[in-house]
Structures are given as C-alpha cells and as structure tokens.
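Readers should treat all values here as calculations from the given coordinates under stated rules, not as data from a laboratory. This one's a predicted model, so the numbers in the text were calculated from it and none came from an experiment. For neighbour counting, all protein chains shown are included, and Cβ atoms are generated from backbone atoms with ideal geometry for every residue, glycine included.
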Amino acid sequence: MRAWRPILAVAVLSAAIAGCGNNTDSGGTAPAAAAGPWSFTGGSGQVVKADKAPTRIIAHAGEAAALMSFGIKPVGIYSDESVKTDPNLKNLDLSGITILGEEWGKIDVEKAASLAPDLIVGDWWPAEKAHSGMEEGVDEKSKKLAELAPVTGVSQGKSIVELAEGYEALAKSLGADVDKPEIAANKKRFEESVTAFKDAVTAKPGLSVAAMSPADDKLYVANPEYAPELLDLQSFGLDVLDPASPDPSFPYWENLSWENADKYQPDLILWDGRSFTATANAEWGKKQPTWFKLKAAKAGATVSWPAFWLHTYGDFATELDKLTEAVKAADPNVGG
Amino acid sequence: MSVVSPPATTRVARRASALGPGLVALCAVLAAVAFLSVTQGSRDIGLSEVLHALRSFDDDGSISSTITLELRVPRTLLGILVGAALGVAGAILQGVTRNPLADAGIMGINSGAAAFVVFAITVLGVRGVGVYVWFAFAGAIAALFLVYAIASLGREGATPVKLALAGAAVTAGLASVTSGIIMTNVTALNELRFWQVGSLAGRYAPILTGVAPFLLVGLAAALGFGRALNGLALGEDLARGLGQHVGRTRVAAFAVVAVLAGAATAACGPIVFVGLVVPHVARFICGPDYRWILPYSMLLAPIVLLLADVLGRVVAQPDEVQVGVVLGVVCAPAFVAIVRYARLSEV
C-alpha cells in the first residue's frame with residue numbers, strides 16, 4: 001500500500017515480532033466449504049480456480065480482518081506495521097495465526113511456504129496494478145509469496161462498501177455462512193451509521209471538508225479519487241474537497257508548501273488517522289506558523305480520517321460514527 | 001614563461017588589492033540574495049506587503065506578515081549561517097587535510113548525524129526536526145571525533161592520508177548501520193528520507209536560535225585559521241620549521257569544523273556540494289592564500305545556498321523542491337565545468 005509512504009507515517013514503532021510460528025496447523029478453521037470445484041474473480045479481473053475451496057489462506061492485514069469478520073480464519077498474515085498497532089488487526093484475536101511480516105514490503109516467504117497455503121489474499125491496487133505485498137518497492141524476495149499459491153483480492157477502487165461486499169463474496173465462496181446473525185448485525189449497524197451520517201450531513205448544508213496530512217516540510221492534501229473511503233463520504237453527500245493539482249507522479253496527494261498551507265479553507269479537517277492524536281492540532285499550531293491560517297485548524301475543527309485501511313462494515317461503521325459526531329459539531333461557516 | 005609577464009609577487013599584490021573590494025562586493029550580493037529570499041517564495045506576496053511586514057517587524061496576524069516574518073526571515077537567516085558554516089568548514093577541512101575532496105560528508109559528519117537521528121527515531125521514539133537537531137549535532141561531533149581519534153593512532157599522528165582513510169571508514173561503517181536499521185523500520189525510513197535530502201523548509205525560529213550561537217562562534221573562530229592553514233599548505237615539515245604547532249592547529253581546526261558542520265547539518269540535514277565546491281571557487285578567485293579563501297568561502301557559500309533555495313521555492317509552486325535536490329542538480333554540472341575549464345589551484 002504505497003499511499004503509506006509519502007508522508008510521515010507516525011505509526012508506533014514495531015514491537016518485537018510476535019512469533020506464533022509453531023502453531024501452523026491450528027488455522028484454517030473455515031466452515032466446511034461446498035464440495036467441488038471453486039473459482040473466484042478478483043479485482044484484477046483474473047479468475048482463480050481450484051479443485052475445492054481453499055482452506056489454508058495467507059492474507060494481508062485488512063483483507064485478513066475482512067475474512068475473519070465472516071468467520072474465515074487465515075493461517076498466516078502479513079501486515080504493514082506491528083499487528084498490535086495495525087488498525088485492522090489490533091482488536092482481533094490472532095492466536096493460531098502465523099505472522100509473516102510486520103512491515104511494509106517485507107514478508108517471510110520461507111515461513112509462508114511452511115504453512116503450505118492454497119490461496120493468497122491481498123487487495124488489488126488499480127493505480128499500481130498489483131496486489132498488496134507484490135507492489136513495486138516490495139522486496140524481491142518477499143514478492144515470491146505469489147509463487148506459493150494463487151493470488152486474489154478485491155479491488156481498492158472507488159468504494160469501501162464495494163471492498164467489503166467483495167470480501168463478503170470471497171468469504172461466501174470459501175464456505176462462510178454470511179447470513180449469520182452477528183454478520184447481519186454488523187451490516188445493519190453499518191447501514192444505520194450511514195443513515196445517521198447522511199442525516200448529519202444534510203443538517204449542515206454548505207459544510208466543506210478536506211482530508212489532510214501535515215508533515216514537517218509540507219502539507220499534504222488528500223485526493224479522494226485515490227482514497228475509496230473519501231469517495232464513499234462524497235457519495236454519502238459530504239463535500240470532500242478535490243485538490244486542484246495532485247502530484248502527477250504520486251496522485252494520492254496535492255503537496256502544498258507551508259507558505260501555501262491556506263490554499264484551501266475547509267470548515268472541517270479530516271486529519272490522516274496515522275498521525276492524528278488528540279493534541280496534534282495544538283502541537284502543529286505551535287510548531288507550524290501557518291497551520292492556524294487554516295481557519296478550521298484554528299477553530300479546532302479536526303477529526304481523525306481512517307486513511308487507506310478500512311475493509312469491513314464493522315470498522316467503517318465505527319469510524320463513520322466518529323465522523324458523524326464531528327460533522328454534527330462542525331460549523332459550516334468556519335472556512336468562510 | 002614569456003618575458004612580458006609580470007613577476008609573481010606583483011600579481012599576488014595586485015590580486016590582494018582587488019580582493020578587499022571583492023569581499024565588500026560579495027557582501028552586497030549576499031544582501032541582495034537575502035532580500036530575494038525574503039521576497040520570493042512558493043507563494044506570491046506583493047513586495048509592498050513584504051516591506052510592510054519587515055518594517056513593522058511584528059506579526060500582525062495577516063498571512064503575508066506571518067509568512068514573511070515567521071517563515072522566510074528565519075529561513076533566510078538560517079540559510080546564510082548554514083551556508084557560511086558549510087563553506088568555511090569545507091575550506092578549512094580541505095586545507096587541514098590537504099585533500100581537495102574533503103568536505104563535511106567525507107569526514108563522517110553526515111553519516112554520524114544520520115546515525116544519531118535514526119537512533120533517536122527507533123530507540124528513543126522521538127519525532128520532529130526540532131528534536132533531531134540535537135541528536136544530529138551530537139552525532140556529527142561524535143563521528144568527527146572518532147575519525148580524528150582513529151587517524152591519530154600511530155606515531156606520526158593524524159596525517160592527511162590517515163584522516164581521509166579514517167573518514168571513509170567511519171562513514172562506511174556508520175552508513176551501513178543506518179541503512180541496516182532503516183531497512184527494518186519503515187517509520188525511521190520515512191522520517192530520515194526527509195531529513196537526509198537537506199532542506200531549509202520547516203525550520204523556524206526555534207531551530208535558528210538553537211544553532212545560531214554555535215554557528216556564530218564557529219564562524220568567528222574559523223576566520224582566525226588563515227595563517228595556520230597557509231603554513232600547513234607548505235607541508236607539515238616546513239610548517240613545523242616555521243614554528244607552527246601542527247598537531248595543535250589540526251585539533252583546533254577539527255574542533256571548529258565539528259561545531260560548524262555539525263550545527264549546520266543538524267539544522268538542515270546533510271546539504272551537498274556547498275562545502276565541497278565553494279572553497280574551490282574561492283581558491284580560484286583568491287589564489288592559495290587562506291586568509292582570503294576563508295572569508296570568500298564564507299560569503300560565496302550562503303549566496304549559492306540561498307539562490308538554490310529560492311529556485312527550489314519558485315519552480316514548483318504551490319509545492320517546493322528541497323534545497324539539497326536543487327544543489328545536486330545545479331551544482332554537479334557547475335563542478336564539472338570548473339574542473340574541466342578552470343585551472344584549479346592546488347590545495
């Protein structure tokens with residue numbers, strides 16, 4: 001997930017690698033899949049096929065969380081940061097799952113091979129034409145993961161909802177009972193969150209927001225076109241700013257020098273969740289002379305933006321509820 | 001030699017008589033470049049607004065006033081001090097090691113600073129340029145001390161050859177430790193990537209006031225080394241014969257370089273080329289006399305640095321390009337041209 005790299009990822013330092021390498025056979029507790037041949041069409045359009053539904057799955061962090069939300073437990077996980085801090089994984093019970101990597105671009109393929117996987121699951125990144133873990137910049141050695149088993153994944157395209165639906169379909173094909181009451185409950189919670197969010201947005205006509213990531217030398221303004229959750233927020237009616245001139249070589253962001261920090265004046269700032277803290281706004285106001293030239297920042301109208309990680313209805317619902325509160329509290333006249 | 005060419009002594013004397021006014025002219029150029037650096041940037045601010053802000057010298061809360069006084073003025077002052085420090089530190093290092101390729105980078109300063117910054121990020125978990133400054137400073141001084149200590153082993157002391165070798169060895173050692181750590185830590189990699197380019201962006205008053213005392217003292221001390229470096233340029237034995245304490249001079253020179261280059265690198269990250277190229281240009285103008293080379297380096301370097309920084313700020317509006325990148329792109333061809341077309345004075 002290269003969108004992580006251009007900015008100061010303020011993820012907490014990786015703790016020691018959690019070694020669970022000896023429990024390799026306790027995973028794969030997927031419900032009995034339908035017998036007979038299995039196939040799935042991934043986000044790349046490629047169809048993967050097998051004689052029977054795969055049961056020994058290795059998945060990237062968020063994708064693993066998505067499958068687990070439907071009761072499909074992978075045998076191995078590779079993550080971009082410590083599984084203790086990864087927003088997708090930190091609240092999940094990972095016992096019995098082998099951790100194959102806790103850093104972007106690094107996967108222990110030897111350990112992965114010892115798990116004898118029959119499917120690798122990683123999001124498809126259309127901008128980079130690669131699955132998570134096989135993008136450009138990933139260790140050549142780590143990319144060999146793709147040789148262990150067929151690779152598939154849902155496209156990180158235009159919507160988290162589509163992403164979640166895609167993983168629901170994948171889980172179903174793998175034998176998950178997607179109609180279980182707790183799954184339905186999560187979906188219902190998500191739908192309620194969407195409704196509440198839409199209501200909040202409707203009640204604040206004229207409210208404009210921008211997703212930003214302040215860094216020492218520049219201010220990065222997110223381009224919703226490459227951030228599915230921001231596209232979703234737009235589709236729910238929120239006016240999320242589309243920056244005028246994203247960096248052509250890395251279109252996830254428009255880069256503003258600090259002299260131009262006030263180029264956009266949103267009423268509410270969605271602050272990159274990877275660096276957002278409760279005190280961040282005050283700190284940046286102190287350290288960057290022009291940060292408070294953003295009227296919303298000055299007014300303290302900031303909220304954490306779940307940047308580039310959401311995969312499940314449940315997580316999206318939780319994050320949406322926080323955004324709903326922020327929208328309710330926002331003043332549509334701050335940015336002017 | 002043709003009969004009509006004047007004797008060398010007259011040439012040197014004539015040169016000296018032109019070099020004094022030359023320094024004054026360079027001061028004027030530096031002032032003009034500094035003015036440019038305050039008035040130009042990645043945001044268009046009218047000249048009258050800039051002048052108004054400068055006259056009142058009090059942030060009235062308007063964006064143009066904040067940018068002028070809190071972004072551009074400290075950035076320009078830092079550019080002047082850091083440029084001067086790097087230029088003169090490079091000149092001293094080239095003189096004291098009698099190595100035309102000597103600069104802060106080759107003496108382990110950049111790698112030492114980087115190693116300490118990475119240590120601060122990974123082990124102590126600190127973040128932000130304001131904190132890195134002090135780790136980088138400590139790292140630069142530690143690395144230079146280490147280089148000097150290694151080179152001093154053996155009876156003949158820290159000879160130029162041993163200094164160069166020790167510098168290369170320490171640089172390689174520290175650099176491999178640094179890359180070893182950042183390869184396994186993506187956060188450290190991200191943080192270091194910005195620091196390592198060398199930039200004046202995001203450095204405000206606290207950093208300026210933090211490093212300024214070190215740089216000012218270092219610059220003043222540096223100017224006193226002219227005569228000693230002239231002596232060293234004759235070769236160690238001759239310098240000794242002229243009554244110079246070679247060892248003591250070298251230690252003192254290294255101490256001054258450590259403070260200058262250490263504080264400069266700490267404030268802005270490793271800035272390339274200025275410390276290497278500018279002393280050569282100064283030597284080309286002044287001839288071999290370090291009493292002139294040092295002040296010329298001290299004025300030429302900030303001119304180059306500020307011009308590069310202004311260029312980086314105006315080419316990519318509303319974004320900006322780090323000065324380290326601009327210097328690499330602009331200075332490398334300039335250096336090649338100097339080497340190719342100008343007869344460089346021997347160090």
Practice item. Per DSSP H run of n ≥ 4, the term is -39500 (n - 2.57); total these for chain B, divide by its residue number, and report the mean residue ellipticity at 222 nm rounded to 500 deg cm²/dmol. Key: -25000 deg cm²/dmol
Practice item. Please report, in Å, the Rg and the Dmax of the stretch A:135-271, where both are computed over Cα atoms only. Key: 19.0, 55
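Once you compute Rg and the Kirkwood Rh from C-alpha atoms, what is the Rg to Rh ratio for the stretch B:59-142?
On the way: Rg = 16.8 Å, Rh = 15.0 Å.
Looking at the stretch B:59-142, the ratio lands at 1.12.
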Check your understanding: In Å and whole numbers, how far do the C-alpha atoms of the stretch B:250-337 stretch along each principal axis, longest first?
Key -> 45, 29, 19
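Please state, to two decimals, what the Cα-based radius of gyration of chain B comes to when divided by 2.2 N^0.38 Å (N = residues).
Details: Rg = 20.8 Å, N = 347, 2.2 N^0.38 = 20.3 Å.
It is 1.02.
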Revision key, fill the gap. So, with points 7 Å from each Cα along the Cβ direction, the B:ALA172-A:SER235 label distance in nm works out to 5.7
Exercise for review: Quickly work out the B:VAL314-to-A:GLU325 label distance, labels modelled 7 Å from Cα along the C-beta direction, and quote it in nm with one decimal.
Suggested key: 4.9
Check your understanding: Across peptide A:258-265, what mean number of C-beta atoms from other chains lies inside 10 Å of a residue's C-beta?
Key -> 6
Review point. So what does the Cα-only Debye profile of the stretch B:235-277 read at q = 0.14, 0.22, 0.24, 0.26 Å⁻¹, as log10 I(q)/I(0), no solvent term?
Key: -0.49, -0.75, -0.80, -0.85
**Study point:** All-pairs Cα distance distribution in the stretch B:14-153, expressed in whole percent, bin size 5 Å
**Key:** 2, 9, 12, 13, 12, 13, 13, 12, 8, 3, 1, 0, 0
Check your understanding: Is there a pair in A:LYS198/A:LYS293; A:LYS129/A:LYS263; A:LYS287/A:LYS328; A:LYS263/A:LYS295; A:LYS158/A:LYS218 whose C-alpha atoms are over 22 Å apart, and which pairs would that be?
Key -> A:LYS198/A:LYS293; A:LYS129/A:LYS263; A:LYS287/A:LYS328; A:LYS158/A:LYS218
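For chain B, what does the relative contact order come out to in percent, with C-alpha contacts under 8 Å and a separation of six or more? List each step's numbers first, then the result.
On the way: 540 pairs, mean separation 97.7, N = 347.
That works out to 28 percent.
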Review point. What do the square roots of 5 times the Cα gyration tensor eigenvalues come to for the protein assembly as shown, in whole Å, largest first, as semi-axes of the equivalent ellipsoid?
Key: 56, 31, 19
Practice item. Would you pull out the residues with amide H under 5 Å of A:TRP38's amide H, same chain only if 5 or more places away, H placed 1.01 Å from N? Key: A:ALA50, A:ASP51, A:LYS52
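Find the eigenvalues of the gyration tensor of the Cα atoms of the stretch B:107-155, then list the square roots of 5 times those eigenvalues as equivalent ellipsoid semi-axes, largest first, in whole angstrom. Numbers along the way, then the final one.
Numbers: eigenvalues 129, 16, 9 Å².
Values for the stretch B:107-155, descending: 25, 9, 7 Å.
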**Study point:** Residues B:SER179 and B:ARG227, FRET efficiency given R0 of 41 Å [Cβ-Cβ distance, rounded to 0.05]
**Key:** 0.50
Review point. Could you give the semi-axes, largest first, of the ellipsoid that matches the stretch A:262-336, computed as the square roots of 5 times the alpha carbon gyration tensor eigenvalues and rounded to whole Å?
Key: 23, 15, 10
**Study point:** Charge dipole (debye, nearest 20) of chain B; +1 at Cβ of Lys and Arg, -1 at Cβ of Asp and Glu
**Key:** 1040
**Study point:** In Hz, Karplus ³J(HN,Hα) per residue of the stretch A:182-191 (6.51, -1.76, 1.60; θ = phi - 60°; x = Gly, Pro)
**Key:** 5, 5, 4, 5, 4, 5, 5, 4, 4, 4
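In the stretch A:27-186, what is the volume of the convex hull around the alpha carbon atoms, normalised per residue and reported in Å³? Display every interim value, and only then the final one.
Numbers: hull volume 16.7 nm³, N = 160.
Here the figure is 104 Å³ per residue.
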Revision key, fill the gap. Under the rule rounded for a/c under 1.5, else prolate if a/b exceeds b/c, else oblate, using alpha carbon gyration tensor axes a ≥ b ≥ c, the stretch B:117-276 is classed as oblate
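On average, how many beta carbons from a partner chain sit within 10 Å of the beta carbon of a residue in B:317-324?
Numbers: counts 5, 13, 8, 8, 1, 2, 0, 0.
Mean number of neighbouring Cβ atoms from other chains: 5.
Which FRET efficiency value, to the nearest 0.05, is calculated for A:THR202 and A:ASP242 with the Förster distance at 30 angstrom and r the Cβ-Cβ distance?
Numbers: r = 21 Å, r/R0 = 0.69.
E between A:THR202 and A:ASP242, to the nearest 0.05, is 0.90.
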Practice item. Could you order peptides A:113-123, A:52-62, B:57-67, B:315-325 by the average number of other Cβ atoms within 10 Å of their residues, highest first? Key: A:52-62, A:113-123, B:315-325, B:57-67
